[in-house]
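The values are calculated or read from the model by the stated rules, or taken from the named source; none is laboratory data. Every value quoted in this text rests on a predicted model; they were computed, and no experiment measured them. All Cβ positions, glycine included, derive from the backbone under ideal geometry; neighbour counts span all protein chains shown. Side chains included, ligands, DNA and RNA excluded: accessible areas come from the protein's heavy atoms. Shrake-Rupley method; radii C 1.70, N 1.55, O 1.52, S 1.80 Å.
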Amino acid sequence: MTKKEEKQETKTIHQAFVDAQKGFGKALKTSSNPHFRSKYADLGACVEAVIDALHEQGFALIQLTKPSDLGWVTVQTELLYHTGERLYLGELSIPVTKQDAQGYGSALTYCRRYSLMSALGIAPEDDDGNQASAGKQVPTPKPRKAVKTYYDTSKLSEDQLAPSVKYLESNGAKEVKEGLFLSPIRLEKLQSLIVEVSEDGI
């Protein structure tokens, strides 16, 4: 008996499954679905993600199918341990939408794939997902255009006009057009007269 076999012999089936699960990888999304224009992890990718770790711990993967008169496909997923023990990991049933050989084959593959992922606790991941996440760039916000603050005095009455102009000029505002003053600062006292214009001007 080799050292590896002796080590396996001392483990319970549940301890061995925990150790196997530590070695599971991600099921890479390497297949394309033209109908939804998306990628998915096919059955081969799902098996590849777990099979080496299972074998390393002395497990064989078994997926049994069950007959049905109702047009469904049922898959039972199990692990056979090297001691002869079995881990029953549940069943999954799905309806067959197309009642022909191709329809049953597609449903069986689909059922095996999801039964395997569910039973062994693995999840699909994009093959370039980690790289994309690591290199994800935050979009740079577009710079806001500078805004100039103008004061439109054209609608003021004669009584209001003189004190308003005096107040504007005392705070550095300059008349750029008749009745229109450009101010270097925002004057809350004349808030109702404010006209904000982008750098292009009025």
Count - residues of segment 41-87 that are among the charged types (D, E, K, R), touching a helix residue (DSSP H, G or I) at 6+ places or on another chain (Cβ under 9 Å) and under 29 Å from LYS11 (Cα atoms):
4
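Name the residue that is farthest from LYS22 (Cα to Cα), counting only residues in segment 110-120 that are open to solvent by less than 60 Å² (accessible area, probe 1.4 Å) and of a type outside the set (Lys, Arg).
Going residue by residue through segment 110-120, those that are open to solvent by less than 60 Å² (accessible area, probe 1.4 Å) are 111, 113, 115-117, 119-120.
In the following step, the residues that additionally are of a type outside the set (Lys, Arg) were identified as 111, 115-117, 119-120.
Values: CYS111: 24, SER115: 19, LEU116: 16, MET117: 15, ALA119: 15, LEU120: 11 Å.
Selected residue: CYS111.
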Return the pairs, sorted by first residue and then second, in which the second residue is β-branched (Val, Ile, Thr) and part of a loop (DSSP other than H, G, I, E, B), the first residue lies in segment 68-95 and is modelled with pLDDT under 95 and open to solvent by 20 Å² or more (accessible area, probe 1.4 Å), the beta carbons are less than 8 Å apart, and the residues are 6+ apart or on different chains.
TRP72/VAL96
Could you identify the single residue in GLY84, GLY103 that is among the small types (Gly, Ala, Ser) and not in a helix (DSSP H, G or I)?
GLY84
Could you list, in sequence order, all residues of segment 154-174 that are small (Gly, Ala, Ser) and part of a helix (DSSP H, G or I)?
ALA162, SER164, SER170
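Could you please find all residues in segment 42-67 being in contact with a Ser or Thr (Cβ under 7 Å, 6 or more places away or on another chain) and either of a type in the set (Asp, Glu) or surrounded by 14 or more Cβ atoms within 10 Å (Cβ to Cβ) (or both)? Spell out how you get there, then give the answer.
Step one: list which residues in segment 42-67 are in contact with a Ser or Thr (Cβ under 7 Å, 6 or more places away or on another chain), which gives 42-43, 45, 63, 65-66.
Of everything in segment 42-67, those that are in contact with a Ser or Thr (Cβ under 7 Å, 6 or more places away or on another chain) and either of a type in the set (Asp, Glu) or surrounded by 14 or more Cβ atoms within 10 Å (Cβ to Cβ) (or both) turn out to be ASP42, LEU43, ALA45, GLN63.
Please verify whether segment 89-98 includes one or more residues that are farther than 28 Å from HIS14 by Cα, in contact with a Lys or Arg (Cβ under 9 Å, 6 or more places away or on another chain) and not basic (Lys, Arg).
no
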